[in-house]
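Take a look at the structure set out below.
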Amino acid sequence: MFGRKDKKDKKGLVNDIGHELDRARARRDALAGDVTALSTQIAELEARLAEERERRERERVTAQIEAIRTQLEESAATFASVVARLCDATAAAAAEIIPEARELNGLLAMVATEVDSEIDSLLCALRRRAETARSGEDAECLPPPAAASGPRRVNERLPLLLPAFLPRNREAPPLEAAEERPSTAA
């Protein structure tokens, strides 16, 4: 009698362990499916995040280009009005007092025409660049975020073209390179 009960208990124990093993496998399979689903969701969210970052970067670049374009347009309008006033003043001076002022008037008109042409070209290039940034085409050629930089240095070695009626200093000493100049530091 004693041996039969132990056999039944052992059989029941094996069956219980088998059921628990089956349940554990089912839970493992369910968790594996959940892990796969979560991995897919994570990949989708990462892709959406990357797209949103790229969109925001394009918007930032576009806004920066538009701000530059607006500033250039405003400055060009100011420049044009100043040159127009200078032309009026030199025309009045040429008509009444100094005939040589006609040369300055002609020079101002020429400079205004050249500046206007170059500004139009630059504005067109800025518009194209803004459209490229908006559309997301050629994103690798977009400029990086602007760092605070100082004003551009003007090349002081370029010759200054003066009109004929302005005096020139014919005996000006030649320009020395920066490293050849004597130091003023103590």
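The values are calculated or read from the model by the stated rules, or taken from the named source; none is laboratory data. Predicted, not measured: the structure shown is a model, and the values here were computed from it. Backbone-built Cβ (ideal geometry, glycine too); neighbour counts: all protein chains shown.
What the table below lists for this structure:
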| quantity | calculated |
| --- | --- |
| Residue check for Gln64: within 30 Å of Ser135 (Cβ to Cβ) and crowded, with 16+ Cβ neighbours inside 10 Å | yes |
| Residue match in region 113-133 (condition: modelled with pLDDT under 85 and in a helix (DSSP H, G or I)) | no |
| Failed condition for Glu57, given (1) of a type outside the set (A, V, I, L, M, F, W, C); (2) surrounded by fewer than 13 Cβ atoms within 10 Å (Cβ to Cβ); (3) under 30 Å from Ala133 (Cα atoms) | (2) |
| Residue check, Ile68 part of a helix (DSSP H, G or I), in contact (Cβ under 8 Å) with a residue 40 or more places away in the chain and of a type in the set (A, V, I, L, M, F, W, C) | yes |
| Residues that are out of contact with any Leu (no Cβ under 6 Å at 6 or more places or on another chain), among the aliphatic types (A, V, I, L, M) and surrounded by 15 or more Cβ atoms within 10 Å (Cβ to Cβ), drawn from region 73-87 | Ala76 |
| Hey, Ala93 surrounded by 10 or more Cβ atoms within 10 Å (Cβ to Cβ), of a type in the set (A, V, I, L, M) and closer than 20 Å to Gly136 by Cα or not | no |
| Test: residue in region 8-25 that is among the charged types (D, E, K, R) and within 36 Å of the chain's Cα centre (by Cα) | no |
| First in region 83-100 and in contact (Cβ under 8 Å) with a residue 24 or more places away in the chain, second anywhere and surrounded by 11 or more Cβ atoms within 10 Å (Cβ to Cβ), Cβ under 6 Å, 6 or more apart | Val83/Leu108; Val83/Ala112; Cys87/Asn105; Cys87/Leu108; Glu100/Phe165 |
